[in-house]
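Worksheet: the structure to be examined is printed underneath.
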Amino acid sequence: MDQATRLTLAFLQGLFGSAPDDLWFLLWTLPDKQSRWFQIRHIPEAAEKAQNLPDKDVYIGVSLSSSDRGPSARFKADDSAGIVGLWADIDVR
C-alpha cells in the first residue's frame, strides 16, 4: 500500500471507524457524478478505490446510509442513518 492510500485509509478510519459495520458511506466523483458505496467494514477497499480514480475529483459523504443506493444516487437527509461530522462548503473569491 502506497503512502497516499495509507493516508486515505487513516482519514476514512478516523471518520467512519466507530460506525456500525453494516452501514454504508459514499465516495462521489466529478466530472462523472458517480456514486460508489462502501460498507463500513470495507474501508480499506474504499481507500484503494479513492486513490485509483485518475482524473476525478473524489468527495466523501459524511452521512451514513442503511443501504447501497446505486451508482447514480446520493440520498436525502431523511434517509440518513447518522452523520460522522460537520462540514462547510465555502467558496471564496
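Would you please classify the overall shape of segment 1-41 from the alpha carbon gyration tensor, given that a ≥ b ≥ c denote the square roots of the eigenvalues, rounded means a/c under 1.5, and beyond that prolate means a/b larger than b/c while oblate covers the rest?
oblate
The shape of segment 53-93 comes out oblate: with a ≥ b ≥ c from the C-alpha gyration tensor, a/c is at least 1.5 while a/b does not beat b/c.
Could you give the length gained by full extension between Ala10 and Ser67, i.e. 0.36 nm per residue of separation minus their alpha carbon distance, to one decimal place? Length difference between fully extended and current span is 18.2 nm. With contributions of -39500 (n - 2.57) from each DSSP H run of at least four residues, the per-residue ellipticity at 222 nm computed over the chain stands at -7500 deg cm²/dmol. The simple Förster model, with R0 at 30 Å and r as the Cβ-Cβ distance, assigns Ile83 and Asp32 a FRET efficiency of 0.75.
How fast does the chain diffuse by Stokes-Einstein, in µm²/s, taking the Kirkwood radius from C-alpha pairs at 37 °C and 0.692 mPa s? Walk me through the numbers on the way to the answer.
Values: Rh = 13.7 Å.
Translational diffusion coefficient: 240 µm²/s.
Annotation: per residue accessible area for the chain equals 66 Å², rounded to a whole number [probe 1.4 Å, protein chains only]. Here the accessible area is traced with a 1.4 Å probe on the protein chains. For the chain, carbon and sulfur cover 50 percent of it.
The values are calculated or read from the model by the stated rules, or taken from the named source; none is laboratory data. Fair warning: this is a prediction, and the values are worked out from it, not measured in the lab. Backbone-built Cβ (ideal geometry, glycine too); neighbour counts: all protein chains shown. We work out accessible area using only protein heavy atoms, side chains counted, and drop any ligands, DNA or RNA first. Shrake-Rupley method; radii C 1.70, N 1.55, O 1.52, S 1.80 Å.
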